[in-house]
Amino acid sequence: MTAAKKGRKMTDKKKVAILWLGSCGGCDETIVDINELILGVVNSVDLVLWPVALDFKYHHIEKMADGEIALGIINGHVRNSDHAEMARLMRQKSQVILAFGACACFGGTPGLANLRSKEDIFRWVYQEAPTVINPKGVCPQTTTSLDGKELTLPEMFESVHSLDQVIDVDYYLPGCPPPPYLVLKAITAFLEDTLPAKGSSLASHKALCDTCPRNASKPNKVSITEIKRIHEVEADPTKCFLSQGIICMGPATRSGCGESCININIPCRGCFGHIELVADSGAKFLSGLASMIDADDEAGLEKISEQVRDTMGYLYRFSLPISIMNQKKL
Amino acid sequence: MKEKEPKIVCFSCRFSWGYLGSEEDIAARLENWIPIICTGKIDPVHILTAFRQGADGVLILGCPEGDCHYQDGNIEARKRITLLYNVLKSYGIERERLKLHLGADPVGKTMPQLVKEMADTVRKLGPRSGDNPIQKKSAARTK
Ligand code: SF4
Ligand code: SF4
């Protein structure tokens, strides 16, 4: 850290806000996981909001001037009116918005709920699920009158949205959650004013296969005659998963995770999302997978196709809300 | 109420379909026609985009088996389409709405008929909404 930066007065510090929307908490956890280095970050910025760790209230943010926050970090997806309202407030008050984690960037795993309508979800959760006992058919409403008072709840939207379907986003930091080293890199780039062009992903620009240690074992032409699921076989820890007939999203996924899944013998599930200029990484992967299939006739082809259990879970585990068929601006 | 004519998007490979005929004539008889070079060029992205933009059906005309100008583009297309059926099913789009037909017709005379046959099949399935297939599926399930 330079002497000039060290000597900066409290008031000179850049204001940073961290907000969670529809989030599991993992993205906040990864910020904590930068361990003692977080103290350096905390010392160099003025944290004005971090609901998971600090007691600041939303109305503090409302009172701030527009653009007063230098960096707004938002994790989680947008599923209800409360999320949307907070996202818009952050956009108004922040110079730079960073979509943090797969949920904010692409909708994330909760986005798979978009395969069901809101109506279906409510019916299942409040009526039909075998564990539900609800004879009166109670179901949450956005407004309820009680003792002359009106109680309100946020409205659940029809579908899960990525952050950029709701507000303008400046940068993306993918991952579920993003690994601590990339978080630190992103925050350092922000503090040192070395952020790339607006709209960039703050991770690698290569596909995972390009950085995967197993790539060398991948034959020029992968030929799949049977698709196996990872729990059904003992995968060879040195060989490319696809060459073993195990679905690995590496070819269609951005690198930068540190190959953390591959290193523990688990195939890539795609949490870093698409690489630049790819409109729908699920569809792209499907295309690549099809070309690897080695079947003599239509019946053989159908058989292998049936072996792809939970196709949508493979193709869109983190990205259904931004897929061609599903994407929708709020 | 008069039923709307199903919208069929037809991709066809130039090597077997209509290369001797006049492109204007074929285009005049096929509303959503996209001539291409090799069905192996058709990506699931194109097919999904057609459905997203409101196609009721997608018909792909490729060269006969063993007759691909680039060796096996038509077989590659078949593989992609077979896998894509899994995706379409999740969106509530019936298998009949996407069809690969391998054959040849240098003057392209039969192309309107093939599209019409596809339209007839699709008409029996009823219309589908272009921009929100999920809602459509849920509505169908509650009936
Ligand atoms: S991206 Fe992953 S870790 Fe972050 S909120 Fe979503 S599910 Fe949790
Ligand atoms: S497919 Fe998976 S295992 Fe194979 S090289 Fe790519 S990332 Fe590595």
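Here are the numbers:
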read-out	value
Positions within the range A:210-221 being of a type in the set (Lys, Arg) and open to solvent by 60 Å² or more (accessible area, probe 1.4 Å), in sequence order	A:LYS221
Residue among B:SER16, B:SER22 that alone is without any contact (Cβ under 8 Å) to a residue 12 or more places away in the chain, open to solvent by less than 90 Å² (accessible area, probe 1.4 Å) and more than 14 Å from chain A (Cβ to nearest Cβ)	B:SER22
Residue that is away from chain A (no Cβ under 12 Å) and open to solvent by less than 20 Å² (accessible area, probe 1.4 Å), where the choices are B:GLY62, B:GLY73	B:GLY62
Sole exception among (1) touching a Pro at 6+ places or on another chain (Cβ under 9 Å); (2) assigned to a loop (DSSP other than H, G, I, E, B); (3) not charged (D, E, K, R) for A:PRO154, by number	(1)
Count of residues meeting criterion [crowded, with 23+ Cβ neighbours inside 10 Å, part of a helix (DSSP H, G or I) and not aliphatic (A, V, I, L, M)] in the range B:33-50	3
Residues of the range A:222-259 satisfying the condition of being within 16 Å of ligand 1 (Cβ to nearest atom) and either aliphatic (A, V, I, L, M) or open to solvent by 40 Å² or more (accessible area, probe 1.4 Å) (or both)	A:MET249
Residue within the range A:205-216 that is farther than 30 Å from A:LEU71 by Cβ, under 21 Å from the mean Cα position of the chain (by Cα), outside any loop (DSSP other than H, G, I, E, B) and at pLDDT 95 or above present	yes
Of residues in the range A:117-137 being touching a helix residue (DSSP H, G or I) at 6+ places or on another chain (Cβ under 7 Å) and either open to solvent by 10 Å² or more (accessible area, probe 1.4 Å) or at pLDDT 95 or above (or both), the one farthest from ligand 1 (Cβ to nearest atom)	A:GLY137
Per-region count, the range B:76-91, residues in contact (Cβ under 8 Å) with a residue 12 or more places away in the chain and open to solvent by 20 Å² or more (accessible area, probe 1.4 Å)	4
Near pairs, Cβ below 6 angstrom, 6+ apart or cross-chain, from the range B:36-52 (more than 11 Å from chain A (Cβ to nearest Cβ)) to any residue that is open to solvent by less than 30 Å² (accessible area, probe 1.4 Å) and not small (Gly, Ala, Ser)	B:ILE36/B:PHE11; B:CYS38/B:CYS13; B:THR39/B:CYS13; B:THR39/B:ILE60; B:THR39/B:ASN74
Residue within the range A:308-322 that is away from every other protein chain (no Cβ under 12 Å), under 21 Å from A:GLY175 (Cα atoms) and at pLDDT below 95 present	no
Tally of residues being in a strand (DSSP E or B) and over 12 Å from B:GLY103 (Cβ atoms) across the range B:60-80	2
Unique match (being modelled with pLDDT under 95 and among the charged types (D, E, K, R)) among B:ARG128, B:ARG80	B:ARG128
Set A:GLY67, A:GLY25: member being within 18 Å of the chain's Cα centre (by Cα), farther than 20 Å from A:LEU202 by Cβ and open to solvent by 10 Å² or more (accessible area, probe 1.4 Å)	A:GLY25
Which numbered condition B:GLU96 fails, given (1) within 26 Å of A:MET292 (Cβ to Cβ); (2) more than 12 Å from chain A (Cβ to nearest Cβ); (3) among the charged types (D, E, K, R); (4) part of a helix (DSSP H, G or I)	(1)
Those residues of the range A:285-329 which are hydrophobic (A, V, I, L, M, F, W, C) and surrounded by fewer than 16 Cβ atoms within 10 Å (Cβ to Cβ), in sequence order	A:ALA299
Unmet criterion (only one of (1) under 24 Å from A:LEU320 (Cα atoms); (2) in contact (Cβ under 8 Å) with a residue 60 or more places away in the chain; (3) more than 14 Å from chain A (Cβ to nearest Cβ)) for B:GLY103	(1)
Residue in the range A:107-116 that is within 14 Å of chain B (Cβ to nearest Cβ) and either within 16 Å of ligand 2 (Cβ to nearest atom) or under 18 Å from A:TYR172 (Cβ atoms) (or both) present	yes
Cβ pairs under 8 Å, 6+ apart, first in the range A:194-210 and more than 13 Å from A:HIS274 (Cβ to Cβ), second within 16 Å of ligand 2 (Cβ to nearest atom) and assigned to a loop (DSSP other than H, G, I, E, B)	A:CYS209/A:LYS218; A:ASP210/A:SER255
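The values are calculated or read from the model by the stated rules, or taken from the named source; none is laboratory data. Only a predicted model underlies this, so the values are computations on that prediction, with no experimental measurement involved. Heads up, the Cβs are rebuilt from the backbone with ideal geometry, glycines too, and the neighbour counts pull from every protein chain shown. Heads up: the accessible areas ignore ligands, DNA and RNA and are worked out on the full protein's heavy atoms, side chains in. Shrake-Rupley method; radii C 1.70, N 1.55, O 1.52, S 1.80 Å.
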